[in-house]
Amino acid sequence: MRRHVGLGYKLIDEAETIPKRARQVILQHHERLNGTGYPGKLSGEEISLYGKMAAIVDVYDAITSDRVYHKGKLPSLVLRQLVEWSGEGVFDAELVQRFIQCVGIYPVGSLVALESQRLAVVIASPQKALLNPVLEVIYDLRKQRPVAPEMLDLGESVSGGGDRIVKPVTAEEYTIRIEDYLTH
């Protein structure tokens, strides 16, 4: 598994069209600020900005994605873990915060439970309203059935209607296919 970094770099080593930044990403996406990564056990400023950014993105993707060896975790839980690891010196804390601003606390495609006893898919996560994303309400928890989709912008006091996110949930709990709501 750890050999993929060197093997990937070897594939592009002769290609003059591959930019230096891309090469850094390939070589450094498993390096950690505290020197615990691989393949070079680089630390701190030895790791390029692009390597530091790629490490955060790579870990987020690996933990949130379903793999043959584990079920993906909820994005909000993984973001919390990234913050904790940045506090332990594994990742650059400022870059983790910027990453969270980019993907949102509730990333697009997340399923959330609302105070109104409904479920909604996150459609947009504005940087200025990370706790109040734009949602599409799709399920009534009281009636245990899907509802006609309804847009709900939690950042707008009138259209938000005082509703709020209670917690993130998994689509599997309700046999919901998130992709059905993100393609229209």
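The values are calculated or read from the model by the stated rules, or taken from the named source; none is laboratory data. For clarity, every value in this text was computed on a predicted model and none was experimentally measured. Because the Cβ atoms are built from the backbone with ideal geometry, glycine has one as well, and the counts that use them run over all protein chains shown.
Within segment 134-164, restricting attention to residues that are among the β-branched types (Val, Ile, Thr) and over 24 Å from the mean Cα position of the chain (by Cα), the residue that is nearest to GLU179 (Cα to Cα) is VAL147. The numbered conditions (1) outside any helix (DSSP H, G or I); (2) of a type outside the set (Val, Ile, Thr); (3) within 26 Å of ARG177 (Cβ to Cβ) are all true for CYS102 except (1). Residues that are farther than 25 Å from ASP66 by Cα and aliphatic (A, V, I, L, M) were ranked within segment 135-172; the one that is modelled with the lowest pLDDT is VAL158. Across segment 102-133, the number of residues qualifying as within 17 Å of the chain's Cα centre (by Cα) and either touching a residue at least 40 places away in the same chain (Cβ under 8 Å) or under 18 Å from GLU156 (Cα atoms) (or both) comes to 21.
The set of residues in segment 94-143 that are out of contact with any helix residue (DSSP H, G or I) (no Cβ under 7 Å at 6 or more places or on another chain), of a type in the set (S, T, N, Q) and exposed (fewer than 14 other Cβ atoms within 10 Å of the Cβ) comprises GLN97, GLN117. A search for C-beta distances below 6 Å between a residue of segment 69-85 that is without any contact (Cβ under 8 Å) to a residue 24 or more places away in the chain and farther than 12 Å from VAL59 by Cβ and any residue that is surrounded by 15 or more Cβ atoms within 10 Å (Cβ to Cβ) and small (Gly, Ala, Ser), counting only pairs 6+ apart in sequence or on different chains, returns nothing.
Applying the condition of being of a type in the set (Gly, Ala, Ser) and under 12 Å from the mean Cα position of the chain (by Cα) to segment 58-101 and asking which residue is nearest to ALA171 (Cα to Cα) yields GLY72.
Assessment of segment 67-77 against the conditions (closer than 29 Å to VAL121 by Cβ, aliphatic (A, V, I, L, M), assigned to a loop (DSSP other than H, G, I, E, B) and at pLDDT below 95) yields at least one matching residue. Is it true that LEU27 is surrounded by 13 or more Cβ atoms within 10 Å (Cβ to Cβ) and under 16 Å from LEU95 (Cα atoms)? No. Looking only at residues in segment 1-24 that are at pLDDT 85 or above and part of a loop (DSSP other than H, G, I, E, B), the one that is surrounded by the fewest Cβ atoms within 10 Å (Cβ to Cβ) is THR17.
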